[in-house]
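A.B. asks: The structure's right below; bear with me while I get my questions together.
The values are calculated or read from the model by the stated rules, or taken from the named source; none is laboratory data. All figures in this text were calculated on a predicted structure; none of them were measured in a lab. Here the Cβ is made from the backbone with ideal geometry for all residues, glycine too, and neighbour counts use every protein chain on show. Accessible surface is based on the protein model in full, side chains and every heavy atom, while ligands, DNA and RNA are left aside. Shrake-Rupley method; radii C 1.70, N 1.55, O 1.52, S 1.80 Å.
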Amino acid sequence: MSPWNLLALPPLPEELMRRLLAPLGDRVSVRVPASRDRDALLAALPEAEIVLGDWTGTLVLDAGAVKAAPLLAFAQQPSVGVDGHDLCALAAAGVPLANTPGVSAVAVSEWCLAATLALLRKLAAADSAVRAGEWPQQGLQPGELRGRRVGVVGYGPIGATSAGLFRALGCHVTYWTRTPREDAGYEPLETLLAESDVVVVVIALSDETRGLVDPGRMKRGALLVNAARGGVVDQPALVAALREGHVSGAALDVFDEEPLPVGDPLRDLPGVLLSPHVAGVTPETTGRLLAATLDNLAAAVEGREVDHVVNGVSPMIRRKLA
């Protein structure tokens, strides 16, 4: 059998990409676009049978890209988020799209906990003051985490792991997810926002969740921690809530536009901890991500079912005829 044509879209040097995919051996023929733009993507798609996605969201499988890929049989996204890809267009073409859920759960959850503690204990402000020659021992007034109400928005692997970490430190934790639950920890989103001292956002971005969290509906004086996607939180509303003091602080690993533009008001607001979309970027996460991706690609070319298909298509990959 001839090798599968695999089009690799991650923003890595071609030689490194080939080394990472080497365990697949001669079962695949690896190619990359001539350049990292849409025209090059569309030019490379007609022969592609498998696409390994771009985690930056620069090169995506939208409706036009799917139409340009008549032989496409499987798309593997090497991340949890699949935003940018047209799930309906892929499903209509019979192309399963899989992601890698859970690989970053520990890393992102630990970041959410660390960011919350940094906000409560005023670590950034304390560091800046001491470096400036000040000694505001009585003025910072940091707070404690134990006993706080923490509301987790999203209850996949990251949400569940985050909830466990906050509970272990003595917090009262509730959560909201799009599928209502019967257990005692679940509560309606409006209740969670209105009553939580800390709101931790770790839900995937979709048409349904875009603008889901309005900081103006949060408890006055609460903290917001967003490690999901920028679009899940109403960013202009967050800026307004911070300026008005309705929200006392925010830790943000994600933004509407990344990198965060020069002149964005979030850069200048006090009580805001900014992070360059790095919550899930650890060597441990990378190892799990690579293993999960290679396992699924191997399953696809060997005729076994792939895991974690997100668009409702059969997980059994079948080659299309030219």
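Quick grid of which residues meet (1) under 21 Å from Ser109 (Cα atoms); (2) touching a helix residue (DSSP H, G or I) at 6+ places or on another chain (Cβ under 7 Å); (3) assigned to a strand (DSSP E or B); (4) without any contact (Cβ under 8 Å) to a residue 24 or more places away in the chain:
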{"site": "Glu182", "(1), (2), (3), (4)": "no, no, no, yes"}
{"site": "Thr191", "(1), (2), (3), (4)": "no, no, no, yes"}
{"site": "Lys219", "(1), (2), (3), (4)": "no, yes, no, no"}
{"site": "Leu223", "(1), (2), (3), (4)": "yes, yes, yes, no"}
{"site": "Pro259", "(1), (2), (3), (4)": "no, no, no, yes"}
{"site": "Leu266", "(1), (2), (3), (4)": "no, yes, no, no"}
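A.B. asks: Which of the residues that make up region 1-26 are closer than 16 Å to Leu71 by Cβ, in contact with a strand residue (DSSP E or B) (Cβ under 7 Å, 6 or more places away or on another chain) and either without any contact (Cβ under 8 Å) to a residue 24 or more places away in the chain or open to solvent by 10 Å² or more (accessible area, probe 1.4 Å) (or both)?
C.D. replies: Pro3, Trp4, Asn5
A.B. asks: Considering every residue within region 55-74, establish whether at least one is at positive phi and either open to solvent by 50 Å² or more (accessible area, probe 1.4 Å) or modelled with pLDDT under 95 (or both).
C.D. replies: Within region 55-74 (the criterion being at positive phi and either open to solvent by 50 Å² or more (accessible area, probe 1.4 Å) or modelled with pLDDT under 95 (or both)), the answer is yes, since at least one residue qualifies.
A.B. asks: Which residue pairs have Cβ atoms closer than 6 Å, lie 6 or more positions apart in sequence or on different chains, and pair a first residue in region 226-243 that is within 14 Å of Leu269 (Cβ to Cβ) with a second residue that is assigned to a helix (DSSP H, G or I) and open to solvent by 10 Å² or more (accessible area, probe 1.4 Å)?
C.D. replies: Ala237/Gly216; Val239/Pro265; Ala241/Gly216
A.B. asks: With the requirement that a residue be surrounded by fewer than 22 Cβ atoms within 10 Å (Cβ to Cβ) and on the phi > 0 side of the Ramachandran plot, what does region 139-177 give you?
C.D. replies: Gln141, Gly147, Gly170
A.B. asks: Only one residue in Ala300, Ala279, Ala291 is at negative phi, open to solvent by less than 40 Å² (accessible area, probe 1.4 Å) and not in a loop (DSSP other than H, G, I, E, B). Which one?
C.D. replies: Just one listed residue meets the conditions, Ala300.
A.B. asks: Sticking with this structure for a sec: Has region 208-225 got at least one residue that is of a type in the set (Val, Ile, Thr), farther than 18 Å from Gly271 by Cα and open to solvent by 10 Å² or more (accessible area, probe 1.4 Å)?
C.D. replies: Checking region 208-225: not a single residue is of a type in the set (Val, Ile, Thr), farther than 18 Å from Gly271 by Cα and open to solvent by 10 Å² or more (accessible area, probe 1.4 Å).
A.B. asks: Determine which member of the set Ala184, Ala126, Ala194, Ala168 is within 18 Å of His246 (Cα to Cα) and among the aliphatic types (A, V, I, L, M).
C.D. replies: Result of the check over Ala184, Ala126, Ala194, Ala168: Ala194.
A.B. asks: Okay, next question. Surrounded by fewer than 17 Cβ atoms within 10 Å (Cβ to Cβ), aliphatic (A, V, I, L, M) and touching a residue at least 40 places away in the same chain (Cβ under 8 Å), is that true of Leu321?
C.D. replies: The answer is no for Leu321.
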